[in-house]
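Participant: Before we start, here is the structure in question, set down as structure tokens.
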Amino acid sequence: MPSHYQRCINPDCRTEFDLDARLYVCSRCGGLLDIERREAIDAASLRVLWQQRRASLDPRDRSGVWRFREFLPFTDDTQIVSLGEGNTPLYDAPRSADYCRLPQLKLKHQGCNPTGSFKDTGMTAAVTQARKLGARLVVCASTGNTAASLAAYAARADLMCAIVVPSGHVSHAKLAQALDYGAKVLEVDGNFDTCMNLIRELAEDESVYLVNSINPFRIEGQKTVAFELAEQLEWRIPDHLVVPGGNLGNSSAFGKGFRELLESGLIDRQPKITVIQAEGAAPFAKFYSEDEHESFVNEEHPQTLASAIKIGAPVSWQKAWRAVRETGGSVITVTEQEIADAKAIIGRDGIGCEPASATTVAGIRKLGIKENESVVAVLTGHVLKDTDYVINYHSENLIAPGDVQIASSFRNSPIKVVSQDLHNLQDLQDILKIN
Ligand code: F0G
């Protein structure tokens, strides 16, 4: 009997499906699906085994996802599709820590993945499953990073790939990646949520495989980041883990990862998982702030310069809610100004990230966390993912939705120099106003 199966997360349904059933939601009630294991795992020796694998040259051990394969729903003979994802740094960040008045702040930089975002840790699992199922065409809707990631993994797996993106709302860098990796890119006149609806209809055809984070195999890959982080912290779990929220797959995955670590006895407590949304694209934060938490209302017209998280109808909100609720975390919003300033501060630590990632540091500053508490912020994408935003900020030209000028509080503008004026150190000192 296979070690894993799929199960509806709805407590009133809980219908089970085989691992190879090509479903994205429960065929009975429409609920999201979790992948569950049949028998508890004997975790006693795993910490040592995982550590030993770091010195191995086996491609599965070189991957920060497949190194933890005891917790993944695949057998040992599976042909994996990998680009050596994961193994991302956990940084001290003194300037960001000062900015948040939290000396123990650390930044887990998922932008250091092969295609520059956290999506790769999930995509390696989803595309491996696509190949296992014999899919012909892999598809996704995307604000850009999922597109870049899928395009790369589909190329590695030699699968046809089609991507649906909101026309004019994806950064050049992300679009460039998807095109270069050979994906067919469909630019649609609508927002991300329009694209997501279109692609879900398309995926009703058997030969098409959808790899947005509604796909539970994506979540399986992404949950291993919790394992890697716990290992990097020598299994001392931080008080808080803070992530940006868009379609809410990432927060769901961290929730599942930490829960499984706890259940298997590898850790003795979970971090509080807190999700930060941009103020103009914050349906989850609105839901969280309601007293009864009864009705989830989508945001019809999401707005933010952090284009990665410009999402009004997050497909995984129920799983993310479970993660926040189970761990005692929260959900808050940050303004465009707060995102821009936090991003610039993270940059000053020598750690570039994209705007969506900076919601974390902006949010942590506002959360009221005590100085002696430990916090890990997850940076989800690399600074090179959206350079227009960076240049506009530093040249005092960043305009937020509603025509609001962002103050470039930490600007670092380029200095125009006439070549004749720069001959020696004194000239340089005069230009830079230093002595
Ligand atoms: N940060 C970045 C850089 C992202 O690209 C995304 C999502 C998120 C945060 C939000 O993560 O959706 O799991 O809550 N980007 C998706 C995409 C939607 O299409 O690339 P989430």
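We did not get these values from a lab; they are worked out from the coordinates using the rules stated. Not measured: the values here are computed from a predicted model. Virtual Cβ from ideal backbone geometry, glycine too; neighbours counted across all protein chains shown.
Participant: Can you list which of the GluC sites (Glu not before Pro) found in the range 162-217 are DSSP loop residues with at most 12 other C-beta atoms within 10 Å?
Facilitator: 204, 206
Participant: Using a/c under 1.5 as the rounded threshold, could you call the range 128-219 rounded, prolate or oblate? The axes a ≥ b ≥ c are square roots of the C-alpha gyration tensor eigenvalues, and prolate needs a/b larger than b/c, oblate otherwise.
Facilitator: Oblate shape, in that a/c is at least 1.5 and b/c is the bigger or equal ratio.
Participant: Evaluate the charge dipole of the range 183-292 about its Cα centre and quote only its size in Debye, nearest 20, assuming +1 on the Cβ of each Lys and Arg and -1 on the Cβ of each Asp and Glu.
Facilitator: 320
Participant: Among the GluC sites (Glu not before Pro) within the range 228-262, which fall in a DSSP loop and have no more than 16 other Cβ atoms within 10 Å of their own Cβ?
Facilitator: Passing sites in the range 228-262 are 234.
Participant: About its Cα centre, how strong a charge dipole does the range 389-435 have in debye, to the nearest 20, once Lys and Arg get +1 and Asp and Glu get -1 at the Cβ?
Facilitator: 100
Participant: Hey, got a sec? Which chymotrypsin sites (Phe, Trp or Tyr not before Pro) in the range 254-312 land in a DSSP loop and have at most 16 other Cβ atoms within 10 Å?
Facilitator: Listed in order of number, the matching sites are 296.
Participant: Also: Which helices, taking whole DSSP H runs in the chain, have alpha carbons extending 27 angstrom or more along the helix axis plus mean Kyte-Doolittle at least 1.0?
Facilitator: none
Participant: Separate question: Would you list which aspartates and glutamates come within 17 Å of residue 119, measuring only between C-alpha atoms, while excluding same-chain residues fewer than 8 positions from it?
Facilitator: List returned: 85, 220, 228, 354, 386.
Participant: Enumerate the amide H contacts of residue 82 below 5 Å, restricted to partners 5 or more residues apart or on another chain; note that Pro and chain-start residues carry no placed amide H.
Facilitator: none
Participant: Still on this structure, I have one more. Per 0.36 nm of contour for each residue apart, how much would the distance between residue 430 and residue 372 grow if the chain were fully extended, relative to their Cα-Cα spacing?
Facilitator: 16.5 nm
Participant: Now, a different point. Please report the relative contact order for the chain, taking Cα pairs under 8 Å with a sequence separation of at least 6, and give it as a percent rounded to a whole number.
Facilitator: With pairs under 8 Å counted, the relative contact order is 16 percent.
Participant: Another one. Can you list residues whose amide H is under 5 Å from residue 188's amide H, if they're 5+ apart or on another chain and H is modeled 1.01 Å from N?
Facilitator: Close amide H contacts, sequence-distant or interchain: 165, 167.
Participant: Let me ask something additional. Could you tell me which of rounded, prolate or oblate describes the range 196-325, using a ≥ b ≥ c as the square roots of the eigenvalues of the alpha-carbon gyration tensor, with rounded for a/c under 1.5 and, failing that, prolate when a/b is larger than b/c and oblate otherwise?
Facilitator: Oblate.
Participant: Would you be so kind as to identify which of 144, 160, 191 lies farthest towards the positive end of the dipole of the range 128-193, taking Lys and Arg as +1 and Asp and Glu as -1 on Cβ and the Cα centre as origin?
Facilitator: My answer, from the dipole projection, is 160.
Participant: Let me ask you something else. Kindly point out, ordered by number, any Cys in the chain whose beta-carbon has no other cysteine beta-carbon under 4.7 Å away.
Facilitator: Lacking a cysteine Cβ partner under 4.7 Å: 100, 112, 140, 161, 195, 353.
Participant: Same structure again: Would you mind computing, in nm to one decimal, how far apart the modelled labels at residue 44 and residue 268 are, each placed 7 Å from Cα along Cα→Cβ?
Facilitator: Distance between label points: 1.9 nm.
Participant: Same structure, new question: Going toward the positive end of the dipole of the range 304-435, with +1 on Lys and Arg Cβ and -1 on Asp and Glu Cβ, which of 350, 380, 426 do you reach last?
Facilitator: So the residue we want is 380.
Participant: Something else about it: Among rounded, prolate and oblate, which fits the range 261-411 when a ≥ b ≥ c are the square roots of the eigenvalues of its C-alpha gyration tensor, a/c under 1.5 means rounded, and a/b larger than b/c means prolate?
Facilitator: oblate
Participant: From the cross-link list 174/319; 132/272; 256/286; 106/174; 174/256, which pairs have alpha carbons spaced over 32 Å apart?
Facilitator: Violating the 32 Å Cα-Cα cut-off are 132/272.
Participant: Between 148, 40, 176, which gets the highest mean-square fluctuation from a Gaussian network model of the chain, Cα cutoff 10 Å?
Facilitator: For the chain, modelled as a Gaussian network with Cα springs under 10 Å, the answer is 40.
Participant: Would you mind checking which residues have amide H under 5 Å from residue 272's amide H? H placed 1.01 Å from N; only 5 or more apart, or other chain.
Facilitator: 240, 241
Participant: Also: Among 233, 257, 207, pick out the residue whose Cα is farthest towards the positive end of the charge dipole of the range 192-275, where Lys and Arg carry +1 and Asp and Glu carry -1 on C-beta, about the Cα centre.
Facilitator: The residue sitting most towards the positive pole is 233.
Participant: Got a sec to turn the phi values of the range 269-278 into Karplus ³J(HN,Hα) couplings, 6.51 cos²θ - 1.76 cosθ + 1.60 with θ = phi - 60°, whole Hz, x for Gly and Pro?
Facilitator: 7, 9, x, 6, 8, 10, 10, 10, 10, 6
Participant: Sticking with this structure for a sec: For the ranges 384-390, 408-414, what's the packing order if you count other beta-carbon atoms within 10 Å of each residue, average per peptide, and put the highest first?
Facilitator: Descending packing order for the listed peptides: 384-390, 408-414.
Participant: With +1 on the Cβ of every Lys and Arg and -1 on the Cβ of every Asp and Glu, and nothing else charged, how large is the dipole of the range 1-110 about its Cα centre, in debye rounded to the nearest 20?
Facilitator: With Lys and Arg at +1 and Asp and Glu at -1, about 480 debye.
Participant: By how many nm would the segment from residue 198 to residue 422 lengthen if fully extended, with 0.36 nm per residue of separation less the alpha-carbon distance?
Facilitator: Here the answer is 75.0 nm.
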